[in-house]
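The values are calculated or read from the model by the stated rules, or taken from the named source; none is laboratory data. If you're wondering where the values come from, they're calculated on a predicted model, not measured in any experiment. So basically every Cβ, Gly included, is an ideal-geometry build from the backbone, and we count neighbours across all protein chains shown.
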Amino acid sequence: MERAIGIITTNYSSVNPSELTASRPPASVPVLGRFRMVDFMLSSMVNSGIRTVGMILPYKYRSLVDHISRLKDWSLDRKQGGLFFLPGTAFGSTSFEARFLIRDLLDNEVILEKAHEPYVVLAAANIIMNIDLGEVIEAHAASGAEVTMVCTEAKEADKALLTLKIDDGHVRGIKFGVEEHDVAFLDCCVMSVDSLRGFLAAYKAEDYLDLFEAMERDMGRLDVRPYFYEGEALPVFSLETYYKNNMKFLDEGMLQEMFNNDRPIQTKAQDIPPAKYEQGSKVKRSIVSGGCQIAGTVEDSLLSRLVIVEPGAVVRRSIILQSCVIGAGAHIEDAIIDKDNVIPAGTELKGTPEAIFLYGKGSIS
């Protein structure tokens, strides 16, 4: 179903910055050991038949481009269509909430000018979900709406999301921040290519705004409709939500929900051997990625590729990112250890469930 092109915007800051996003954009933050945040929306687009995708890049784009550059992993190494890297503005918005900066869209309007498809799916990359966008496009086309905004009932408060004000089946307004049970916008929408170009022309003088921030005052006269997504959607806009939503994958039900055989989540292929478990190692309710070597104890944790847990080391309720070494006898609890770190033997690094300890990126040579 080649009825739409996709635009994924990754040129925005973290609402709650931490060392985790100090040297990488939110879109390339690791998820579940071997994936990145951007994999979920990019895969959802490809699985829904979208064959032309533009990705608006942030100022610090290196890790994102490195991850996406093997286009064949997403079947986007194509003669017609494919993935296009689009430059984002280095300085554009004063709002941390801006994920759809008008200036970014205007600067890359050429992808809309050349589109043969009638619709565009516009999305950000900070929400983990596996959505059938084909159904959203069909619903949009059938409704005749100018914009269809994907949303869900909020399970908890999150100041980074937008609340949609729904009346008589239409979106009548938005506000920053959601409370539990509000209708939360999932940073994904469908509109016609012509409609988006029309909006960009109308709001050109306010190019420093987010598209929906500018559109909010016109909601009363526009035909904007909600599409309620019934599946799991995990927003990641802070260190706390990053930890909490990654740890949800230790439940088998969440894995089955997010990783649907009919809609596979693709990522950059890595040619590394499977994990190795040494004699005497103990692993319980954990996800251990390829290339890991486990000689100690790992419980209720997520380990990215090439992590080494030496004899006597204990890792509990923690996320260990790529190429870390947990030294013999070290004790890690309620923590996130960023990539390329060597934790010396006997070291204790402990947070609490309410205050996760973050150990910043290291420099293993």
So, first residue farther than 10 Å from Asp223 by Cα and assigned by TED's automatic domain parsing to the domain that holds Ser195 in segment 132-148, second residue part of a helix (DSSP H, G or I) and not acidic (Asp, Glu), Cβ within less than 7 Å, six or more apart or across chains; the pairs are Leu133/Ser44; Leu133/Met45
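Could you pull out the residue among Ala98, Ala157, Ala145 that is crowded, with 22+ Cβ neighbours inside 10 Å and under 20 Å from the mean Cα position of the chain (by Cα)? Steps first, answer last, please.
Details: Ala157 fails: crowded, with 22+ Cβ neighbours inside 10 Å; Ala145 fails: under 20 Å from the mean Cα position of the chain (by Cα).
Exactly one of Ala98, Ala157, Ala145 is crowded, with 22+ Cβ neighbours inside 10 Å and under 20 Å from the mean Cα position of the chain (by Cα), namely Ala98.
With respect to Ala139, determine if the residue is touching a strand residue (DSSP E or B) at 6+ places or on another chain (Cβ under 7 Å), farther than 25 Å from Asp194 by Cα and surrounded by fewer than 23 Cβ atoms within 10 Å (Cβ to Cβ).
On the way: touching a strand residue (DSSP E or B) at 6+ places or on another chain (Cβ under 7 Å): yes; farther than 25 Å from Asp194 by Cα: no; surrounded by fewer than 23 Cβ atoms within 10 Å (Cβ to Cβ): yes.
So Ala139 fails the test.
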Residue pairs within 8 Å by beta carbon, gap of at least six or interchain, first lying in segment 260-277 and of a type in the set (Lys, Arg), second modelled with pLDDT under 90, listed first then second, are Lys268/His67; Lys268/Ile68; Lys268/Arg70; Lys268/Asp73
Keeping to segment 208-231, report how many residues are touching a residue at least 60 places away in the same chain (Cβ under 8 Å), surrounded by fewer than 19 Cβ atoms within 10 Å (Cβ to Cβ) and farther than 17 Å from Thr148 by Cβ.
1
Mind listing just one residue for me: the one in segment 123-136 that is in contact with a helix residue (DSSP H, G or I) (Cβ under 7 Å, 6 or more places away or on another chain) and of a type in the set (A, V, I, L, M, F, W, C) and, of those, surrounded by the fewest Cβ atoms within 10 Å (Cβ to Cβ)?
Met129
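I'd like to check which strands (runs of 3 or more DSSP E) are fully inside segment 293-365 and have at least 2 residues that are buried (at least 16 other Cβ atoms within 10 Å of the Cβ). Write out each step before concluding.
On the way: elements: 297-299, 314-316, 331-333, 335-337, 348-350, 357-359.
Of the strands (runs of 3 or more DSSP E) lying wholly inside segment 293-365, those with at least 2 residues that are buried (at least 16 other Cβ atoms within 10 Å of the Cβ) span 297-299, 314-316, 331-333, 335-337, 357-359.
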